[in-house]
Structure formats: structure tokens, C-alpha cells
Amino acid sequence: MTNGAGDPPAEIELIAPDDACREILRPRPVDRRVRKTIAALHEAVLDLLPEKPFELITVQDIAARADVSRAAFYAHFADKFALMEHIVSDVFERSLESCMGSAPLDTETSIRRVFEATCLYLSTIFSQCRHARRMLDPLIQARVSERIQRELGGVLATAADAGEGAAANVELTATVLGWSIYGAALGWANGARDIDAAQYVEQTFRITCSGYLGWRADNG
């Protein structure tokens, strides 16, 4: 991306990864009245996962570890799967918020940030919840890939409104680009991670997003 005719490519600033993986897995409060209970239930699941497979963890186990009643658990979640789904979705939302920030970003930087947020999220949740991978993988894929596509859809719609590409292609482009980013991030999270997420995004962005970049060049 250039700043103007003849200008050099703008430097892309990425968010450095945070080593405090457990902190990102803590729940974001949605209501002050339920903050303490939900936080305790999230923490209880994280404590229990290294001890036994998720399939063997019961609602009673979670409630007892959280020091709340079963009634309190069911006041917030239908079952343990709903609790885990909440954790999966909430963590990714906060990963996105952390990487995207509050300041307006240009289109390419926004896509890079979504890519990096996905890398950080997958590596974090896989590390913390490795004992539940068999159950979590399809849930993560469904929830996270859909959320990535929605985020990209918003980014691309804004770009289309600004004259970068045809608006009619936004949904399809977000879908294809989203799956490319998810697959690349998954490969990094499941690998050796010998470079950090920001470096990985920098090295692979042009490959992962080559289809979109070519389409934008043709339509922008």
C-alpha cells in the first residue's frame, strides 16, 4: 500500500504478542452482577483441564472448583459446553479488540491485525486448553472463522465505500480471505512457533492474502 503516487510503502505497525497467555483467557465481564461468578467458572475450567479430559469434567466439578452452587452455574450456562463456547468466543473478541485498537486503520493494516489476532488467539487457547483439543477444534473453527469473516467484511465494506474494490464482492472476498487467514494462523499455532506472531504475519501476509491483494489491484 502506498501513501500517494511515488510514495514508498507505509510501515505496518503490529501489536507485539503478550506472554501473559492466561490473562487473555480470563472472562470479560458483561454485567457487574455476574462478573464474579463467570470469572470463577472460567478459572475453574482452566484449572480442571490439565487434570482430566474435558469429557470427564462435570458441571459439579466446575461448580465445586469455582466455589459456587450448581444453581449458580445453570443461571448463566445451559451446560459445560455452553460455558466453553462462551470462553472460546469471549477470548477471541478480546484478542481482536487488543490487536485492532481504537484508532482508525487503513485496509491492509486492519487485515494484518486480524491475522495477528488470530495467530495469538489460537496459540493461547491451544496452550491453555490442550487437554480439550479434540472437543474444542470444531468449536473454535466454527466460531472463530465466522467472526474473522464478519470482521473482514466490515473492513472490506469500508474500503469499498472509499473506492477500494467493488462492493458486490465484499462478502465473497471476506469468506475466502478469512479462511486463508485462519488456515495460515492454525499452521503457525500448531507448529514450532520459532518466530512470534508479528514476525509470522510479516513473513506470510503476501502469500496468505495474495488473492485479495491481486483482486484489489484489479478493482481498486
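For labels at E97 and A72 in the simple 7 Å Cα→Cβ model, what's the distance in nm?
2.4
When S89, S95, S102 are ordered from fewest to most other Cβ atoms inside 10 Å of their Cβ, what list results?
So the residues, fewest neighbours to most, are S102, S89, S95.
Report the Cα centroid-to-centroid distance between the range 193-220 and the range 58-100 in angstrom, as an integer.
Rounded to whole Å, the Cα centres lie 34 Å apart.
Give me the distance in nm between label points sitting 7 Å out from Cα along the Cα-to-Cβ direction at I195 and E171, one decimal.
In this crude spin-label approximation the distance works out to 3.6 nm.
Could I have the simple spin-label model distance between V59 and M135, label points 7 Å from Cα toward Cβ, reported in nm to one decimal?
1.4
Rg(Cα) of the range 110-210 divided by 2.2 N^0.38 Å?
Against the empirical 2.2 N^0.38 Å value, I get 1.11 for the range 110-210.
Restricting attention to the alpha-carbon atoms of the range 21-219, what are Rg (one decimal) and Dmax (integer), both in Å?
18.5, 59
Read-outs throughout are calculated quantities, based only on the coordinates presented, and are distinct from any laboratory measurement. For clarity, every value in this text was computed on a predicted model and none was experimentally measured. All Cβ positions, even for glycine, are placed from backbone atoms using ideal geometry, and neighbour counts span all protein chains on display.
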